[in-house]
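One structure is given below, encoded as structure tokens.
The values are calculated or read from the model by the stated rules, or taken from the named source; none is laboratory data. Computed from a prediction, not measured in an experiment: that's the story for all the values here. Cβ placement follows ideal geometry from the backbone for every residue including glycine, while neighbour counts extend to all protein chains displayed. To get the accessible areas, we keep the full protein, side chains included, count just its heavy atoms, and leave off ligands, DNA and RNA. Shrake-Rupley method; radii C 1.70, N 1.55, O 1.52, S 1.80 Å.
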Amino acid sequence: MSKRRIGAIFRKELREYRRNRSVLVALAIFPLIFLIQPIVVVYIVPASKAAQLSHGHVLLYMLALPVLTPAMLAAYAVAGEREQGTLEPVLTTPIRREEFLLGKALAVLAPSTGIAYAVFAFFLAFVACFAHPAVASAILHGPDILAQVFFTPLLAAFSVWVGIAVSTRSSDVRVAQQLSLLGSLPVGVATSLIAFDVIHATFGLAIVLAVLLLLANALSWRIVTPMFDRERLLTGTS
């Protein structure tokens, strides 16, 4: 594979994001949702009830962000170019489909992961600066912070491949985005169940989930690549 061609797709995709308003909205709306809700919780919970927060994992609630944001962006990767008629010129170049998809995936993964980390850092700073010490102590757990840092790119990568898989088979961006969100939803629900302590978070569970996500991400690229049928996309057949 050519790093130069992968880099070219990566840069082209980032330029496309800056020009496309729907992409920018997708990049903004989920971070706002997942930032406002926990900030409101921190703001309204009195110090006398801070102990209740210690039974859950408020920080892990934000792991749904790197699941949903890349799902929306990745769904645009192929379907969006088909819709705008910009895919055909790219497919007539010597670029291999593995290079094309990897460039697309990295262009979704980088901003999605960066935004998730930025939102998480902002929330940590808000809690440290403005929350009552008892509330802050109940929320800020070292293992939860490490889990957020470690699982964010793994979850984002998984959603990226789900979204690109849907995008390669769809010619309508909105349908692709809806199906991509639906495909990533079980992972988002699982992170929420852990955050609300419905599924009890343990070190062993974290190891199992990390291994499963690593395997899923490694296999997803090999599974999605054959789904990208260059001839079908060029001829416009469904």
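For the chain, the calculated P(r) over all alpha carbon pairs, in 5 Å bins from 0 to the bin holding the longest distance, is 1, 7, 14, 18, 17, 14, 10, 8, 6, 4, 2, 1, 0, 0 percent.
Starting from the Cα gyration tensor of region 143-238, take the square roots of the eigenvalues, sort them a ≥ b ≥ c, and report rounded, prolate or oblate (rounded when a/c is under 1.5, otherwise prolate if a/b is larger than b/c, else oblate). Judged from the Cα gyration tensor, region 143-238 comes out prolate (a/c at least 1.5, a/b above b/c).
Peptides 66-79, 157-170, 202-215 ranked from most to least packed, by the mean per-residue count of other Cβ atoms within 10 Å: 66-79, 157-170, 202-215. In plain terms, the chain from S48 to M1 could stretch by 11.0 nm, reckoned as 0.36 nm per residue minus the Cα-Cα distance. In the frame of its principal axes, region 34-174 has Cα extents of 64, 25, 22 Å, reported largest first.
Label-to-label distance for S171 and V211 is 4.5 nm, based on points extended 7 Å past Cα in the beta-carbon direction.
Distance between the modelled labels on W221 and Q84, one decimal in nanometres: 2.5 nm (7 Å Cα→Cβ projection).
When the P(r) of region 1-96 is calculated, the portion above 15 Å amounts to 72% of the C-alpha pairs. The alpha carbons of region 161-206 stretch over 42, 17, 8 Å along the principal axes, in descending order. In plain terms, the chain from L182 to L140 could stretch by 12.0 nm, reckoned as 0.36 nm per residue minus the Cα-Cα distance. Between S192 and I33, the contour length at 0.36 nm per residue exceeds the alpha carbon distance by 55.8 nm. With a 10 Å cut-off between alpha carbons and a GNM built on the chain, which of Q148, Q178, Q37 moves the most? Of Q148, Q178, Q37, the most mobile in the Gaussian network model is Q37.
Calculate, for region 8-149, the solvent-accessible area per residue in square angstrom, rolling a 1.4 angstrom probe over the heavy atoms of the protein chains.
Result: 45 Å² of accessible area for each residue.
The string of couplings for region 188-197 from the Karplus curve (6.51, -1.76, 1.60, θ = phi - 60°) is x, 5, 4, 5, 5, 5, 5, 4, 8, 6 Hz, one whole number per residue in order, with x for Gly and Pro. Report, to the nearest whole %, how much of the accessible area of the chain belongs to carbon and sulfur atoms, 1.4 Å probe, protein only. In the chain, the share of accessible area belonging to carbon and sulfur is 70 percent.
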